[in-house]
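What follows draws every value from the coordinates through simple rules; no lab data is involved. Note that the structure is predicted; figures quoted are calculated from it, not measured. Heads up, the Cβs are rebuilt from the backbone with ideal geometry, glycines too, and the neighbour counts pull from every protein chain shown.
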Amino acid sequence: MATPISNFEAFVKLAAENAGFDAIGIAPAADAPELKCFPKWIAAGNAGEMKYLEGRDEQGELKRSSLGRVAPWAKSVVVCAINYNTPNPYSTQVHDPARGWISRYAWSREDYHDAVLRRLKQVETALRQAFAGDRELTTRSYVDTGPVVERVFAKYAGVGWIGKNTCLINQKKGSWLFLGVILTSLDLVPDLPAADRCGTCTRCIEACPTDAILAPYELDSRKCISYLTIEKRGSIPEDIRAGIGQHVFGCDICQDVCPWNRKAPASKAPEFDPRPGLVNPDLKWLAEMSAEEFREVFRGSPIRRTKRSGIRRNAVIAMGNSGDKDFLPLLDSLTADEDEIVSETARWAKTRLLESTKKTRDI
Ligand code: B12
Ligand code: SF4
Ligand code: SF4
């Protein structure tokens, strides 16, 4: 028989802590004012080719703009955050033209979707056991893939505030956090929303190399290096390639420069330890990677999302931006690569490299 529980809020938070989460809070399953921005964001085309964000219900309304549409039974949202930081340099601290940058979240040994969902399921199981025999309990866990704008609920659960770079920032832990949510039919007492602590700071907006943060809290994915290097299939528009710099998968700049990440603690979860070679990776290694090596190196890694073609395309762009003419022979051979995206990008990269090294010689 289940033990009667007098304080479900404390129970669920303890269960989440036991599962390894670093910050936990409860938000009402209500429509927060921030969700009003979502339809405008979609209408402006800011989602780029991420069509899954545009899912609509039978009435034609965007599913993500209201939890009531997709989970009318949900009363509370338990938001769980886990730190993925490791004691390695920030992208803004390394400058080696032969090397690229993979964003911090993607170095991990296990894909975060799996690592976070496994823990959420643990919390769900604890709740179910406490509720044994009660048919009223409904729960559903999501990491990314559900029709939920997770950061908005994280804010109202008091886990952190939404920064001007649009990332969720916790006052003590910074923003190197993955989020997961458990929708529940339990009517739990919510936490207080986290206060915005960005103040007059605008570092992230100024540091973004592609001006993707159009205004505080408003990001245009089509300009964001994270979108371009991970989500964008095929060819990347030429006019934005220079801004991508040395990034080959994701981008951390707007978080690297954030004062709240200056003293960010390291994660306790071993699955976020970096795989060998991924912190500041060798560009030549990535561009020449065979299909077999790609499968081997990135098995169970979030980097599989961009596929081999994508990571090679990105490495070629980074070489073009490197200013390192030692890449010229490799780029020359890649102009005849069997992957058309890679060969076209290599032609651009070769021209850019020749122009940039010529300019340096002329100075
Ligand atoms: C699509 C997506 C992306 C897209 C779009 C990002 C974006 N800013 O929207 C791309 C591919 C660019 C991306 C990049 C990254 N992502 Co992402 N992404 C998502 C995903 C799947 C959906 C986000 C979404 O709905 N965006 C739509 C916009 C409208 O929502 P939003 O930016 O959250 O905006 C809200 C607020 O800004 C808000 N708002 C708040 N205050 C205010 C104030 C004012 C005045 C206004 C006008 C608006 C406003 O209004 C919006 C709600 O309508 C979520 C998971 C999820 N299901 O939520 C992960 C998620 C947001 N991503 C995550 C991560 C880790 C990243 C990267 C750091 C990865 C990387 N290193 O490359 C970058 C960060 C880039 C950045 N600065 O945001 C984490 C964020 C964790 C955190 N601490 O914030 C999430 C939560 C995944 C997870 N489960 O952990 N991502
Ligand atoms: S992730 Fe990079 S490109 Fe995207 S908004 Fe932040 S700094 Fe700009
Ligand atoms: S860099 Fe400054 S403005 Fe940007 S999210 Fe951090 S504190 Fe806020």
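Here are some notes:
- Neighbour counting of Cβ atoms within 10 Å sorts the residues Thr202, Thr306, fewest neighbours leading, into Thr202, Thr306.
- Dimensions in Å of region 228-349 - Rg and Dmax from alpha carbons: 15.3, 46
- Partnerless cysteines, meaning none of the other Cys C-beta atoms lie under 4.7 Å away, in the chain: Cys37, Cys80, Cys167, Cys198, Cys201, Cys208, Cys224, Cys251, Cys258
- Selection of GluC sites (Glu not before Pro), region 114-216, meeting DSSP coil and at most 10 other Cβ within 10 Å: Glu136
- Pairwise FRET efficiency - Lys358 versus Thr138, Cβ, R0 = 56 Å, nearest 0.05: 0.30
- Qualifying GluC sites (Glu not before Pro) in region 241-303, where qualification requires a DSSP coil assignment and no more than 15 other C-beta atoms within 10 Å, comprise Glu288.
- If R0 is taken as 51 Å, the Cβ-Cβ distance between Trp73 and Lys263 corresponds to a FRET efficiency of 0.80.
- Ranked for footprinting exposure by Cβ neighbours inside 10 Å, fewest first, Ile341, Ile244 give Ile341, Ile244.
- Modelled FRET efficiency - R0 45 Å, Cys201 with Arg295, Cβ distances, 0.05 increments: 0.60
- Length gained when the stretch Arg347-Lys51 is fully extended (0.36 nm per residue, less Cα-Cα span): 103.5 nm
- The chain, relative contact order [Cα under 8 Å, separation at least 6], %: 22 percent
- Between Glu338 and Ala43, the modelled label-to-label distance comes to 4.8 nm, taking each label 7 Å out from Cα in the direction of the beta carbon.
- Rel. contact order, % - alpha carbon contacts under 8 angstrom, at least six apart, region 203-362: 23 percent
- For the chain, the share of DSSP beta bridges that are antiparallel, to the nearest 5, is 95%.
- Sequence of Arg312, Arg99, Arg118 once ranked by neighbouring C-beta atoms within 10 Å, starting from the fewest: Arg118, Arg99, Arg312
- Taking the C-alpha atoms only, the angle from helix 112-130 to the longest principal axis of the chain is near 10 degrees.
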